[in-house]
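Colleague: One structure follows; several queries about it will come next.
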Amino acid sequence: MRAHVGSGEVRGTVGVPGSKSYTIRAALCAAIADGESIILGALKSDDSSAVLDCIQALGAGVSESAECITVRGGALRASTRALWCRESGATFRFMAALAATVPGRTVLKCAPSLARRPMQPLVDAIRQLGVGCEFDAVSGTLVVMGQLQPAAQVTLRADISSQFLSAMLLSGPRYDDGLQVDVPSPVVSERYIRMTEECMRRFGVEVHVLDDGHRFVVPGQRYVPTRYAVEGDWSGAAALLALGALAGDVYVTGLKETSLQADAAMIGILRQMCATVETGSNGVRTLRSQLCACSVDLGESIDLLPVACVLAAVAEGTTRLTGIARARDKESDRVAAMTAGLRTLGVSVEVDDDEMRVVGGVAHGGVVSSANDHRIAMAFGVLGAVVGDIVVDGAECVAKTYPRFWDTLRSLGVEVESDE
């Protein structure tokens, strides 16, 4: 699908979907808990469907309504069919660690774009459990020969993706006598680990962090079925807040300024770039502002790279975006995709290994590729609302995390036409 985006008078109030990260974590905890849990405000998207399909295949009961998702967990068993994780990195990695605790052979499959992303550190950790684990990156197939064990201790690299550590911790309550994960390297995206700990705590399990963050212990505990409310998604909200700062007046409800979500850093980035930002108890408002160039470190909020590039493309001056290296291993090589798209639209971009420099103020219309990446599609959609006449090719990929994104833009006054 192509989305033709034109400029418009942007104004309105809008809620955002539930957090993808919290939805997936809550679904996994609920699947392990022995009993019925209610998940309120869950994200409805391709990624959330992936995790719900997978936990069902492992024996959890799942029913969905407009208001909530009900999960009856506890009685997990190996699946007779492959678990299709689609393009959801969190689902693929979290389910791999869970499968290691389920007796029998479990096969997980993922889309080619995900199969290219790193997986080996988690495979190595699972093998330390004495569990057979083989990953074929060509076919995107992971085979795990799971088994129940009373306790476990592994050493894990967490300097490539925090999802490896989250995966092991979330499955920790499956070990009656506890799980210990030693992490000799620094932990990247540490806020995501704190999100994992917070979600586990809501289901009754504490994680002990020892040795200055190099040892994580899940004592012998069980998840308790609970009623869990998913907070609004800062990743999706980031694009809408950028839209307000660039093109009008947007109030996004359902956001917690104190959220552990890494992309809550969007408030700080907007303020660094001289945007008008107002925060309240239930949301954030941004107003059209004359943005100024600055230096932004994205090392702990790497998913904000595409929208930060768009802000930089409009700001006066040259913006430095640092800490970008890990953006090359997302749904696409986001550094290459954003560089190519911005240059197509007349924006000067220079790239080094861990830094982009974007010269703002001269963007024009054109046709850009989403690279089948939801974050990139949303970012260029926002830019189209400012400069007009931008066509986003592969615009349907927003279904991964924000299926109604283009409808939301229309509701705020942006001209969006689509064709198949």
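The values are calculated or read from the model by the stated rules, or taken from the named source; none is laboratory data. It should be emphasised that the depicted structure is a prediction, and the values quoted were computed from it without experimental measurement. All Cβ positions, glycine included, derive from the backbone under ideal geometry; neighbour counts span all protein chains shown.
Colleague: Could you grab me the full set of residues in segment 1-42 that are under 17 Å from Glu67 (Cβ atoms), modelled with pLDDT under 95 and more than 23 Å from the chain's Cα centre (by Cα)?
Modeller: Of everything in segment 1-42, nothing turns out to be under 17 Å from Glu67 (Cβ atoms), modelled with pLDDT under 95 and more than 23 Å from the chain's Cα centre (by Cα).
Colleague: State all residues of segment 196-219 that are exposed (fewer than 14 other Cβ atoms within 10 Å of the Cβ) and either touching a strand residue (DSSP E or B) at 6+ places or on another chain (Cβ under 9 Å) or aromatic (Phe, Trp, Tyr) (or both); if no residue qualifies, say none.
Modeller: Within segment 196-219, Glu206, His208, Leu210, Asp211 qualify.
Colleague: Considering only segment 142-170, state which residues are surrounded by fewer than 23 Cβ atoms within 10 Å (Cβ to Cβ), among the β-branched types (Val, Ile, Thr) and at pLDDT 95 or above.
Modeller: Val143, Val154, Thr155
Colleague: Just give me the residues in segment 85-106 being touching a strand residue (DSSP E or B) at 6+ places or on another chain (Cβ under 8 Å) and buried (at least 18 other Cβ atoms within 10 Å of the Cβ), in sequence order.
Modeller: Cys85, Phe92, Met95, Ala96, Ala99, Ala100, Thr101, Val102, Thr106, listed by residue number.
Colleague: If you don't mind, another one. Checking the conditions here, which among Ser48, Ser79 is in a helix (DSSP H, G or I), free of Cβ contacts under 8 Å to residues at least 60 places away in the same chain, more than 30 Å from Leu287 (Cβ to Cβ) and not assigned by TED's automatic domain parsing to the domain that holds Gly283?
Modeller: Of the residues listed, the single one that is in a helix (DSSP H, G or I), free of Cβ contacts under 8 Å to residues at least 60 places away in the same chain, more than 30 Å from Leu287 (Cβ to Cβ) and not assigned by TED's automatic domain parsing to the domain that holds Gly283 is Ser48.
Colleague: Only one of Arg93, Arg72, Arg117 is touching a helix residue (DSSP H, G or I) at 6+ places or on another chain (Cβ under 8 Å) and either at pLDDT 95 or above or farther than 24 Å from Asp233 by Cβ (or both); which?
Modeller: Arg93
Colleague: What pairs come up if the first residue lies in segment 274-296 and is more than 28 Å from Gly18 (Cα to Cα) and in contact (Cβ under 8 Å) with a residue 60 or more places away in the chain, the second is crowded, with 17+ Cβ neighbours inside 10 Å and among the small types (Gly, Ala, Ser), and their beta carbons are under 9 Å apart, counting only those six or more places apart or on different chains?
Modeller: Once the first residue is more than 28 Å from Gly18 (Cα to Cα) and in contact (Cβ under 8 Å) with a residue 60 or more places away in the chain and sits in segment 274-296, its partners that are crowded, with 17+ Cβ neighbours inside 10 Å and among the small types (Gly, Ala, Ser) give Leu291/Ala245; Leu291/Ala275; Leu291/Ala312; Leu291/Ala315; Leu291/Gly360; Ala293/Ala312; Ala293/Ala315; Ala293/Gly360.
Colleague: Then there is this: Looking at segment 30-46 only, could you name the residues that are surrounded by 24 or more Cβ atoms within 10 Å (Cβ to Cβ) and either farther than 13 Å from Met95 by Cα or out of contact with any Lys or Arg (no Cβ under 8 Å at 6 or more places or on another chain) (or both)?
Modeller: Within segment 30-46, Ala30, Ala31, Ser37, Ile39, Ala42, Leu43 qualify.
Colleague: Right, something else. Is there a residue being more than 19 Å from Ile24 (Cβ to Cβ) and not hydrophobic (A, V, I, L, M, F, W, C) anywhere in segment 157-169?
Modeller: Yes; the residues of segment 157-169 include at least one that is more than 19 Å from Ile24 (Cβ to Cβ) and not hydrophobic (A, V, I, L, M, F, W, C).
Colleague: Looking at Ala125, Ala96, Ala60, Ala115, which is the one that is within 22 Å of Cys397 (Cβ to Cβ), of a type in the set (A, V, I, L, M, F, W, C) and touching a residue at least 12 places away in the same chain (Cβ under 8 Å)?
Modeller: Ala115
Colleague: Looking only at residues in segment 129-141 that are surrounded by fewer than 16 Cβ atoms within 10 Å (Cβ to Cβ) and out of contact with any Cys (no Cβ under 9 Å at 6 or more places or on another chain), which one is nearest to Asp177 (Cα to Cα)?
Modeller: The selected residue is Gly130.
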